[in-house]
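Peer 1: Okay, handing you the structure first.
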Amino acid sequence: MARFACGRPLVVIGLWIALAIPAFVFAAMTFRVELQEAYLVSADPTLADEQNRLNAEFPEPSESIVAVIDSKDPAVARAGAERMAARMAEQTKVFRNVFAPGTGRFFDDNGVLYLSEEAVTGMVSRIERSAPLFQALSISPNLTGLAVLADQVAKAVAEGRSPVGLTGLFIDASKTVQAQIAGKRRDLDWLALIEHGVSIESTRWYVVGYPVATGDADPMRHAVDEARRLADLLVTELDGRVSVALTGRPVLRALSPPVNIRVLLLPALLSSVVLLVILGFGLSRFGPVMIVLLVAAISIVIVTALALAVVGFFDRVSLTYPVLFTGLFGLSAIGLILRAEEAEYGGLGKRAALMLAAQALGLPLLVWLAGISLIGLALIGGQFLALKKLMIILAIMSAVIFLAVMTLLPALLSLQRPLIFDPTDEEDDRGHWLDGLMSRPASYSWWALRRGLAATLIAVSVLCAMLVPAFHFESPSAVTRNGNTPAERLFRELSTREPSLLASGQILAEPGDPARSLVRRLAVLPEVEGVRWVEAFLPTGEAEKRAILARLQGVFPRNTNAVEDIPDELLRAEIVKLEDGLRRIAAEPAATPELARAANELRRSLLLLDGNGPAPPSALRQLERTFFVRLQLLLDRIDRLSRLEPLTVERLDPAIYRQYVSRDGLWRIEVQPRRPDDIEAFAAAMRSVTPRVAGAALIEADRLAVMRAAMPFFLGAFLLIAVILPLALFRNLRKAARIWLPVFTTTLLGLGIAAMMGIHLYPESLAIFVLLVSFTMGAAALAESWYGAQPPGQGPLISSRPRALLLSAFLVLAAFAPLILSPLPAVQQFGKLLLVAICLSLLGCFILLPQLRVWTAPRRKSKADEDDER
């Protein structure tokens, strides 16, 4: 191929360009990337259908956005939660199933049924004891009735009796008077005067919302941004009396910068500059630099087009193919160029040097690239689709690289002018200065140090092999467990009480007895923390509690009596009577201290209302209205409590009903794990009861299990190729050992270093492993074959082999190591692993390989042995 390319370079170049142009058009039109985790493996169709049914009906519990509202005042905190929930519910295109536990009409009406039977009985008894007070006021709901009540209470207190509820009435009434004095209106809160339901005096309230999966590029991030906007608006409206903190998986993922091509702009710009510098520094001439870039561009365009034609689209694993391309192409192309240049420095012509280089490196390149391409055969029949795609692309890439290096590269190089040497130069002065520097004889100190380093690396690699079982795949959607941001700390706090924020199993069951039977079987599993379903929200003993509440029927009047306004002069008289009654209560020694203080405070407030003179009748009538306008609300509430209807699934809070009952009536059963970090055992236990269990966490566990199941075949294929390839290429055990040891040593060191760094493997990290093994194997094979086509003893004084290996490695580093600068954690980790892999490859090439050549060199016979043989 090289002979044909050198003889007809324009034909070869034209053919490659003719292939590259339609390939570029096809790649540009069909290029597609799918970063979702669902494309990594082929899922079980039954479970996938079940998950799709769940996703269509219900939001995933672990994908909720939780707004935590805190305030020193419990009433303000609850009001903030109600307002936040209402605002989020209005954004129907952003959130669905917004729910603030403990708030809303359903809880206000039926919350009493969730109390214990003893608590309900005590509440009814207290209401019954306060009935006389409210009966009297409902008959005459005006200042006259209040004045009569104060007079009767004063007499009752003098007799040693104290009506229930009167202290709270006087306190709240004084607040109403003081508000009117301040020019504000505050209606007397009759509902607060008597216990009539569940009162949650908490300074922390929660609002849970689920993002809607829309056509937005990143709907989760958009929902988080909208929740933050609403939280800031709430804090502003309530004058800073509340604080709102957001947490949940979507919030934690939003802490990372969005996946945007601009995030990679700085690393890409830095890579291009460093790449040109290294190429110029290593090749020393402008022509070869441009030729390398041109051949690389044409080759990767064709590789991309062929890959898209075969695999359809790229996922997060197969998208790493440019890393592999850079390593394989750089090693192959730089090796051929420098081997030909070395031959040209030795006195051969341009074409003869190219053909010699192709003859020396062609077979090793073919065997090496074909060998690593065969690894994909081990994945046939597996479900790890992303790794399959990567290995298919690797096979395509290997074929294109071999053909490009053996044809297009020699064709372009043959068009260059031959090297011109100064006749006065010595042979060892010809060549690149870096070759001369690296080809100097090693001192004894360096030789001893290299021997020690090589032995140490091999020993450490054996120890690193024990760290390999510590590796496990990390889900791309996993959240950090050791973050220190407020959202991360809050998430850890909440997830300990609510495991479904981390993971849960989801089951759709027929309503009624089938669902109840399934719940009983799931609840006894040791891996299950709790089971949540729609009937779990029905209160226990509901019929008995309603019977107790029915005792309130007739205790309070259902309506207040309608009374006519009295004349202005009589209105003033009633105020005077009220003040007198309050004075007598406050002065009565038999009154309790609380009642006396409340009566005195209300009397003082009424006197302040008069101010410098009697209050005008309009002010008194306004006070009368604010006193009694909300009394009917209390009577209605007591009447509803006495007539509560049976609570059924259909009458539950609509937010709860929508969360656990599908549109076609199926019940969703939510199972919480006892140990969210051992989701696989949880999934296995649940599927022993019902195989159709789904849920995002379980689907993710299945996905990771598929990836792990593919690893023994994948790693075994690499091991087999690494063992067989050197033997097939050289048919010499010594030479094969010089390839085995660098490959196995650097691989084990890489895995050990990554484990000690605490790096969790993401699926795309497999590309780094492929690069580490393939690059080291190829470098060792090319180094061993460098002078394969040249008669023994005719090698040059200065070799370009070290420069070829060094330059190839630095090209990969220059292209992708700047990814460490990316703000995306996954991309940063990819760059770190790449840096480790290439540095280890360099250690293998420049420490292990030279020392192995010393250790495995044939021993020379001593003079005594030679005499004996004679």
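Peer 1: Viscosity 1.306 mPa s, temperature 10 °C: give me the Stokes-Einstein translational D for region 52-153 in µm²/s, with Rh taken as the Kirkwood radius over C-alpha pairs.
Peer 2: Taking Rh from Cα pairs, D becomes 87 µm²/s.
Peer 1: List the trypsin sites (Lys or Arg not before Pro) within region 102-175 that DSSP assigns to loop and that have no more than 13 neighbouring Cβ atoms inside 10 Å.
Peer 2: Numbers: sites: R105, R126, R129, K155, R161, K175; in loops: R161.
Sparse-neighbourhood loop trypsin sites (Lys or Arg not before Pro): R161.
Peer 1: Tell me, in nm to one decimal, what length is gained between W446 and D580 on full extension, where the rule is 0.36 nm per residue of separation less the Cα-Cα distance?
Peer 2: Roughly 37.3 nm would be gained on extension.
Peer 1: Quick one: work out Rg over Rh on the C-alpha atoms of region 107-252, Rh as Kirkwood radius.
Peer 2: Radius of gyration over Kirkwood radius for region 107-252 works out to 1.16.
Peer 1: So, one more: Per residue, how much accessible area does region 586-686 show when a 1.4 Å probe rolls over the protein heavy atoms, in square angstrom?
Peer 2: Working: 4770 Å² over 101 residues.
For region 586-686, the solvent-accessible area averages 47 Å² per residue.
Peer 1: Using only Cα atoms, what Kirkwood radius does region 593-730 have, in angstroms?
Peer 2: Numbers: mean 1/r = 0.0413 Å⁻¹.
That comes to 24.2 Å for region 593-730.
Peer 1: Which length gain, in nm to one decimal place, applies between N732 and T92 when the Cα-Cα distance is subtracted from 0.36 nm times their residue separation?
Peer 2: Numbers: separation 640, 0.36 × 640 = 230.40 nm, distance 7.17 nm.
Net length gain for the segment: 223.2 nm.
Peer 1: With everything on Cα atoms, drop me the angle between helix 631-642 and the longest principal axis of the chain, reported from 0 to 90° to the nearest 10.
Peer 2: Computed tilt is about 70 degrees.
Peer 1: Taking every pair of distinct Cα atoms and averaging 1/r, then inverting, what Kirkwood hydrodynamic radius in Å comes out for the chain?
Peer 2: Working: mean 1/r = 0.0293 Å⁻¹.
Every distinct Cα pair counted, the radius reaches 34.2 Å.
Peer 1: For S140, what accessible surface area do you get with a 1.4 Å probe? Give it in Å², rounded to 10.
Peer 2: 30
Peer 1: May I pose another question? Suppose R0 equals 60 Å. What FRET efficiency, 1/(1 + (r/R0)^6) with r the Cβ-Cβ distance, do L233 and A158 give to the nearest 0.05?
Peer 2: Details: r = 55 Å, r/R0 = 0.92.
Between L233 and A158 the formula returns 0.60.
Peer 1: Measure off, as a whole percent, the carbon and sulfur share of the 1.4 Å-probe accessible area of region 1-100, all protein chains present.
Peer 2: On the way: 3260 of 5210 Å².
On region 1-100, the fraction of accessible area on carbon and sulfur atoms equals 63 percent.
Peer 1: Heavy-atom accessible area per residue, region 300-404, 1.4 Å probe: how many Å²? Please list the in-between numbers first.
Peer 2: Working: 2860 Å² over 105 residues.
Heavy-atom SASA per residue in region 300-404 reads 27 Å².
Peer 1: A further question follows. What percentage of the solvent-accessible surface of region 675-783, computed with a 1.4 Å probe over protein heavy atoms, is contributed by carbon and sulfur atoms?
Peer 2: Carbon with sulfur: 69 percent of the solvent-accessible area.
Peer 1: Here's a follow-up. With all protein chains present and a 1.4 Å probe, how do K350, K93, K832 order by accessible area, largest first?
Peer 2: Working: K350 25, K93 165, K832 85 Å².
The ordering from most to least exposed comes out as K93, K832, K350.
Peer 1: Now for a separate question. Based on DSSP, what percent of beta bridges with both residues in the chain are antiparallel, to the nearest 5?
Peer 2: Values: 25 of 28 bridges.
Counting only bridges with both partners in the chain, antiparallel ones make up about 90 percent.
Peer 1: Express the relative contact order of the chain as a whole percentage, based on alpha carbon pairs under 8 Å and six or more residues apart in sequence.
Peer 2: Computed value for the chain: 26 percent relative contact order.
Peer 1: Then there is this: Please give the net charge around A780, taking every other residue with its beta carbon less than 14 angstrom from that of A780, where Lys and Arg add +1 and Asp and Glu add -1.
Peer 2: Details: positive: R734, K735, R738, R801, R853; negative: E784.
Overall, the nearby charge balance is +4.
Peer 1: Positive end of the charge dipole of the chain (Lys, Arg +1 and Asp, Glu -1 on Cβ, about the Cα centre): tell me which of L457, L146, A683 has its Cα farthest that way.
Peer 2: L457
Peer 1: Right, here's the next one. Given +1 on the Cβ of Lys and Arg, -1 on the Cβ of Asp and Glu, and no further charges, what dipole in debye does region 605-678 carry about its Cα centre, rounded to the nearest 20?
Peer 2: With only Lys, Arg, Asp and Glu charged at Cβ, the dipole is about 100 debye.
Peer 1: Considering only protein heavy atoms, what per residue accessible area in square angstrom results for region 1-136 with a 1.4 angstrom probe? Don't skip to the answer; put the middle values down first.
Peer 2: Working: 6750 Å² over 136 residues.
So region 1-136 comes to 50 Å² accessible per residue, rounded to a whole number.
Peer 1: Round to the nearest 10 and give me the degree value, 0 to 90, for the angle of helix 9-30's Cα axis relative to the longest principal axis of the chain.
Peer 2: Value to nearest ten degrees: 10.
Peer 1: Take the Cα of A590, step 7 Å along the line toward its Cβ, and report every residue of region 114-156 whose backbone nitrogen sits under 15 Å from that point.
Peer 2: Label zone hits: 151-156.
Peer 1: Between the helical axis of 444-464 and the dominant principal axis of the chain, each derived from Cα atoms, what acute angle in degrees is found, rounded to the nearest 10?
Peer 2: The angle comes out at about 40 degrees.
Peer 1: Right, something else. Strictly greater than 22 Å: what percent of every Cα pair in region 97-190 meets that? Before the final figure, lay out the partial values.
Peer 2: On the way: 2166 of 4371 pairs.
Roughly 50 percent, rounded to a whole number.
Peer 1: Right, here's the next one. Add -39500 (n - 2.57) for each DSSP H run of 4 or more in the chain, then divide by its residues: what number comes out at 222 nm, to the nearest 500 deg cm²/dmol?
Peer 2: Per the formula, -20000 deg cm²/dmol.
Peer 1: Using the beta-carbon distance between S243 and I724 and R0 = 41 Å, what value does 1/(1 + (r/R0)^6) give for FRET efficiency, to the nearest 0.05? If you can, show how the numbers build up before the last one.
Peer 2: Numbers: r = 65 Å, r/R0 = 1.59.
Rounded to the nearest 0.05, the efficiency is 0.05.
Peer 1: Give the carbon-plus-sulfur fraction of the accessible surface of region 302-365 in %, rounded to a whole number; probe 1.4 Å, heavy atoms of protein chains only. Don't skip to the end; give the middle numbers.
Peer 2: Values: 940 of 1500 Å².
Roughly 63 percent of what the probe reaches on region 302-365 is carbon or sulfur.
Peer 1: What is the local net charge at P250, summed over the other residues whose Cβ is closer than 9 Å to its Cβ (Lys, Arg +1; Asp, Glu -1)?
Peer 2: +2
Peer 1: Another question, then. What FRET efficiency comes out for the pair L467/A709, r = Cβ-Cβ distance, R0 = 22 Å, nearest 0.05?
Peer 2: 0.55
Peer 1: Rank these residues by their accessible area, most exposed first, probe 1.4 Å: C845, C839.
Peer 2: Ranked from most to least accessible, the order is C839, C845.
Peer 1: A further question on this structure: Provide the three semi-axes, in whole Å and in decreasing order, of the ellipsoid equivalent to region 337-381 as defined by the square roots of 5 times the Cα gyration tensor eigenvalues.
Peer 2: Sorted largest first and rounded, they come to 34, 7, 6 Å.
The values are calculated or read from the model by the stated rules, or taken from the named source; none is laboratory data. These numbers come from a predicted model, not from an experiment. We place every Cβ from the backbone using ideal geometry, glycine too, and count neighbours over all the protein chains shown. With ligands, DNA and RNA removed, areas are computed over all heavy atoms of the protein, side chains included. Shrake-Rupley method; radii C 1.70, N 1.55, O 1.52, S 1.80 Å.
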